[in-house]
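A quick write-up on the structure given underneath.
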Ligand SMILES: Nc1ncnc2c1ncn2[C@@H]1O[C@H](COP(=O)(O)OP(=O)(O)O)[C@@H](O)[C@H]1O
Ligand SMILES: [Mg+2]
């Protein structure tokens, strides 16, 4: 009897925790969509901001964020996947590589403002890139690298050793074995991890605050050495730095909704990619 | 030891081979000469070093960290542990079939074509020919010829193992190493794989690890008995089974241990 009661209490407790989370998230989503949707029209999406962002659209911030996402992918993917392949396939397991692995995992827990300051110090100032798409993308890439490396390593490790042995026994080189009989099967996992990591980074303010984001820049960048506006930072400005924040409240909601759609779109892309590859390669 | 009758016709010659996993020695002073186009069976209790020995012959142990080896292994007159030896060439010549069949998650066709493709055969008609021949040799062609594009993972266990044999044959090896190829199969598939080995020995030198005494006695020309990392006895199979010279061999084949 008491066992039964405990069981019931535990289940209700767990259910409550789950529902509470769903309700909170649902409320946030609903609030943003409800207030943001009316603001969202073609002009809001495609026009330049005016009067310090108090009027007009958010076009340059959307473009800026997309550029930053693209830049981050271009930089982080080859380095992340490359080092994951090295760590899991080539490097022998010794104290040095274990330390490297630990360092990478620790890096994932470093607060994003620290990455921002690091990017400011190294890329903006020391390498003299200035606040720019380049500096911002590298900083964001540094931030998502741990996620990409760890998830890629997991995806590589999920491929049975017997596939590698089977290839090698047929006279392939190690790289041929990896390229033809490991990477294709782990590709889904790698891409999923990368997209999820980058999706999260795309919404971050701190790392771009000091390395790329412009307060108000109503034109598009001409090169990777230009500054851009970016959605998260724009939102932060509208919400906190504006003389009359309540007046620009609808714009905040609109910006938040666009950012949300972008990030959720990336996650959705990740989910689709994953299920596609799951179906293609099963063993 | 087996006499001189095949001294000119040795596929493999092993001299004073010692093998170590880190600090623990797995093989002790192995000397053996393996004749061409015959079946040599490796028997012995579990953990006596049969797989380790087999994997020294195509250098598959190289991929394990922290292993060491001394002695000399000649394949076709080439010292395979010489620094000039090309491992790719060696592994093309010395094919391997694993204990647990390991079809790749690709189509049946792509599994068999995998090796030739990597080694540079591009023409589709040539590949198709190799695939058909290899599947025929492994006795699988009739069963799969209408579904070459299906995933290899849909095959039964026995078919999967014969597919792996076809995949090994497709790179045209001279020597086939088989590590208990039938141990994970049901009796009927086992028979098929064993029959296949009898067929293949016309064209290949086969070295097979087996737990099954009947199979060793029936299918092999020579048998090597390993015990605790040493090669205890090596002889023509008929001699070794009817008239073992060593007490340990006798105990093992009569089922007193192992
Ligand atoms: N990768 C390995 N690392 C360390 N020891 C190993 C490894 N593989 C096998 N061994 C050891 O080497 C000995 C021989 O093993 P193995 O060649 O697999 O024997 P068999 O195939 O005859 O059963 C065993 O004692 C085993 O524990
Ligand atoms: Mg074994």
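Every number here is computed from the coordinates shown, using simple stated rules; none is lab data. These figures come from a predicted structure and were not determined experimentally. All Cβ positions, even for glycine, are placed from backbone atoms using ideal geometry, and neighbour counts span all protein chains on display.
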Quiz item: What is the log10 of I(q)/I(0) for the stretch A:110-205, computed with the Debye formula using one identical point scatterer on each Cα and no solvent, at q = 0.13, 0.15, 0.16 Å⁻¹?
Solution: -0.59, -0.69, -0.73
Quiz item: If each Cα of the stretch A:62-280 is one equal point scatterer, what is log10 of I(q)/I(0) from the Debye formula at q = 0.11, 0.13 Å⁻¹?
Solution: -0.61, -0.80
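Got a sec? How would A:81, A:39 order by Cβ neighbour count within 10 Å, fewest to most? Intermediate results must be reported in sequence, preceding the final value.
Numbers: A:81 24, A:39 19.
Least crowded to most crowded, the residues run A:39, A:81.
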Self-check item: Semi-axis lengths, Å, chain B, gyration tensor of Cα atoms, sqrt of 5 times eigenvalues
Solution: 31, 21, 17
Quiz item: Given springs between every Cα pair under 10 Å in a Gaussian network model of chain B, which of B:12, B:118, B:43 has the largest fluctuation?
Solution: B:118
Quiz item: In degrees from 0 to 90, rounded to the nearest 10, what is the angle of the helix B:157-169 Cα long axis to the longest principal axis of chain B?
Solution: 90 degrees
Quiz item: Tell me, what is the Rg over Rh of the stretch B:118-215, with Rh the Kirkwood radius over Cα pairs?
Solution: 0.97
Exercise. Rounded to the nearest Å, what's the spacing between the alpha carbon centres of the stretch B:137-153 and the stretch A:78-130? Just the number, please.
Key: 47 Å
Quiz prompt | Cα long-axis angle, helix B:108-118 against chain B (0 to 90 degrees, to the nearest 10) | solution = 70 degrees
Quiz prompt | Top of B:175, B:30, B:207 by mean-square fluctuation, Gaussian network on chain B, Cα under 10 Å | solution = B:30
Exercise. For the stretch B:155-174 and the stretch B:209-258, write down the distance between their C-alpha centroids in whole Å.
Key: 27 Å
Quiz prompt | Dimensions in Å of the protein assembly as shown - Rg and Dmax from alpha carbons | solution = 31.9, 102
Exercise. Could you state the angle between the C-alpha long axis of helix A:2-36 and the longest principal axis of the C-alpha atoms of chain A, as a value from 0 to 90 degrees rounded to the nearest 10?
Key: 50 degrees
Quiz item: Most fluctuating residue of B:230, B:68, B:91 in a GNM of chain B with Cα springs under 10 Å: which is it?
Solution: B:68
